[in-house]
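Novice: Attaching a single structure in C-alpha cells format; questions to follow.
Please treat every number below as a calculation from the coordinates, not as lab data. Predicted model only: the values in this text are computed from it and were never measured. A quick note on method: Cβ atoms are made from the backbone with ideal geometry, for glycine too, and the neighbour counts reach across all protein chains shown.
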Number of protein chains: 2
Amino acid sequence: MTGLRERQKADRTGRILDAALRLFRAQGYDAVRIEDIAAAAEVSAGTCYNYFSTKGDLLLAIVSMEVEEVVGAGRAVVEAPPPDVELALRRLIRLYYDHSLNYLSKEMWRKAMAFSIEAPGTPFSQRYTELDAMLVAQVSALIAALQKRRLARPDLKPGVVGQIVFNTLNQMFIEFVKAESMQLADLHRMNDAQTASLAALLRG
Amino acid sequence: MTGLRERQKADRTGRILDAALRLFRAQGYDAVRIEDIAAAAEVSAGTCYNYFSTKGDLLLAIVSMEVEEVVGAGRAVVEAPPPDVELALRRLIRLYYDHSLNYLSKEMWRKAMAFSIEAPGTPFSQRYTELDAMLVAQVSALIAALQKRRLARPDLKPGVVGQIVFNTLNQMFIEFVKAESMQLADLHRMNDAQTASLAALLRG
DNA sequence: CAAAAAGATTGAGTTCGTTCATTTTTGAAG
DNA sequence: CTTCAAAAATGAACGAACTCAATCTTTTTG
C-alpha cells in the first residue's frame, strides 16, 4: 500500500512545505524565490511545480493548514460558549485573530487572500474558500448554540447572522493585514466595538 | 499655466488609460503585456512606469474611475430613497452591481481586488480603498435618510449598519467575480435574499 | 530477473514585469 | 537665438516565475 514512490512523494511535499514556511517567515514571500525553496527542500525548481501549481498556491497550502488549526481550536468555544452573546462572539473572534500571526506574517496573509481572489480555481484556493465556509459555519453554530441556551433572539436564522458576523470579522482582518503598523490590540478594540453593536441586535 | 509639458502629460496619461482599458477588455488582463499597452498608446514601456507604478496600479486606476462613476450614480438613490428599507437597499445595491460589468470584466475585478489587498500602499490602491470607504458612507447615508423618514429603527447607528451592509454586498460581489459562470441575475437573487433578512432587522 | 511502461525529476529556456543609464525634449535665463 | 538645467522618454538589460523535452527512477509485466 505505501510503496516507495508514495512515501517519497509525501516526504517531498512535507519538505517543500516546511522549507517554504520557514523561508517565507524569515525573508518574506516576495523575497523568496522558488529556487530557494527548492534548494532548501533538496529538490529542483521543476519539482516544486509537480506538487504545487504556482508559488501562490504553495502559499495557500500553508495558510490553509493554519486555518484548519483555527477551525479546530474554535470547536471548543462553540461546544462550551460563554454565557452571553457579546462575550461568546468576542471570544471566538479573538481566538481567530490571535491564532493568525502564530505562523504567518501579515505579508503572507495579504498575498494569500489576494491569490485566493485572483486565482479561485487552483486546488488550494478552492481549499481556502472551503475553509472560509467552515468558519462561517462555525460562527453560525455558535449563534445556534446561544439561541438554544436562550441567550440570543430565536427568530434570527443562525446562517444569516453567522455570515454577517464572518463578513465583519473578515473585513476587519483585511484592514489589519493591509496596515503594517496596526497591532493586534488595535484589531481587538475594533472587534470589541463591532461585537458590542452586533450583540445588541442579537439579544432578545 | 497649461504648458506644453503639462498638456502632453495629461494626453499621455489618457492614451495609456484608454489603451489599457481597451486591451484588458478585449484580451484579458494577463494576456496584455505592458509593451502592448505602450505600443497602443504610442509611448515606450518605460514611460508607462513614469505614469503608473505597476501594471496592477494601472488597472486600479481604471477600476477607480468606474467606482467613482458608481458613487456618483448612487447619490440619486440616497437623495430620493424608495419608501421602504428593503426596496431602498435593494435599489442602491442593484445599481452598484449593474454598473460593475459596464466597462470591466470579472477578471479585471478579481485582479484589481487582489492587487488592492496585496499592495495597499500604491497610489491607486489607496484611492481604491478611499472609494470603498465612500461606498460605506453612501450606504450609511441611505440608512440615515430612511431613519429620518421614520422607515428604519432610529436606535441603530447608520455608520455601523452601513458598514455591515457594505461588507455583505462586497462579499457577495467577490463571490460573483470568483465564479466565472455566475450571472448577474444570480447575484441579484442573492442580494434580494440577504437584503430581505437585513431589512427585517432594520424595520422598527 | 530483464525489459518495458509509467511516473517523476531535472534544469535550461522562455516570457514578461520592472529598472535604470542614456538620450531627447522642454522651459528658463542671458 | 543660444545655452543650460530639469524633466521626461526610451529600450536594452535583469530577475524570477513558470514550461517542457530529455533523463532517470520506480513499478509492472512476461
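Novice: Report ³J(HN,Hα) in whole Hz for each residue of segment A:80-95, in order, from the Karplus equation J = 6.51 cos²θ - 1.76 cosθ + 1.60 where θ = phi - 60°; Gly and Pro get x.
Specialist: Those phi angles translate into 10, x, x, x, 6, 4, 4, 4, 5, 4, 4, 5, 5, 5, 4, 4 Hz.
Novice: Binning at 10 angstrom from zero up to the longest distance, how are the C-alpha pair distances of chain A distributed in percent?
Specialist: 8, 31, 30, 19, 10, 2, 0
Novice: If every alpha-carbon in the protein assembly as shown counts as one equal scatterer, what log10 I(q)/I(0) does Debye give at q = 0.10, 0.12, 0.13 1/Å?
Specialist: -0.77, -1.07, -1.21
Novice: Moving on to the next point. Stokes-Einstein at 37 °C, 0.692 mPa s, Kirkwood radius from Cα pairs: D for segment B:27-96 in µm² s⁻¹?
Specialist: 223 µm²/s
Novice: Are there any trypsin sites (Lys or Arg not before Pro) in segment B:147-203 that are in a DSSP loop and have at most 15 other Cβ atoms within 10 Å? List them by number.
Specialist: B:R149, B:R150, B:R203
Novice: While we're on this one: To the nearest Å, what is the center-to-center distance of segment B:22-49 and segment A:35-71, using C-alpha atoms only?
Specialist: If we compute the Cα centre of each part, the gap is 32 Å.
Novice: How big is the gap, in Å, between the Cα center of segment A:170-190 and the Cα center of segment B:152-204?
Specialist: Centre-to-centre distance over Cα atoms comes out at 23 Å.
Novice: Pairs of lysines 8 or more apart, or on different chains, with alpha carbons under 21 Å: count those in chain A, would you?
Specialist: Summing the qualifying lysine pairs gives 7.
Novice: In peptide A:163-172, how many Cβ atoms from other protein chains are near each Cβ within 10 Å, on average?
Specialist: 5
Novice: I need the inter-copy label distances for B:L87: point set 7 Å along Cα to C-beta, values in nm with one decimal, smallest first.
Specialist: Between copies, matching label points for B:L87 lie 4.5 nm apart.
Novice: Loop-only check: which GluC sites (Glu not before Pro) in segment A:3-80 are DSSP coil with at most 14 other Cβ within 10 angstrom?
Specialist: A:E42
Novice: Hey, another quick one. Rounded to whole Hz and in sequence order, give me ³J(HN,Hα) for segment A:14-20 from the Karplus expression 6.51 cos²θ - 1.76 cosθ + 1.60, θ = phi - 60°, writing x for Gly and Pro.
Specialist: x, 5, 5, 4, 4, 4, 4
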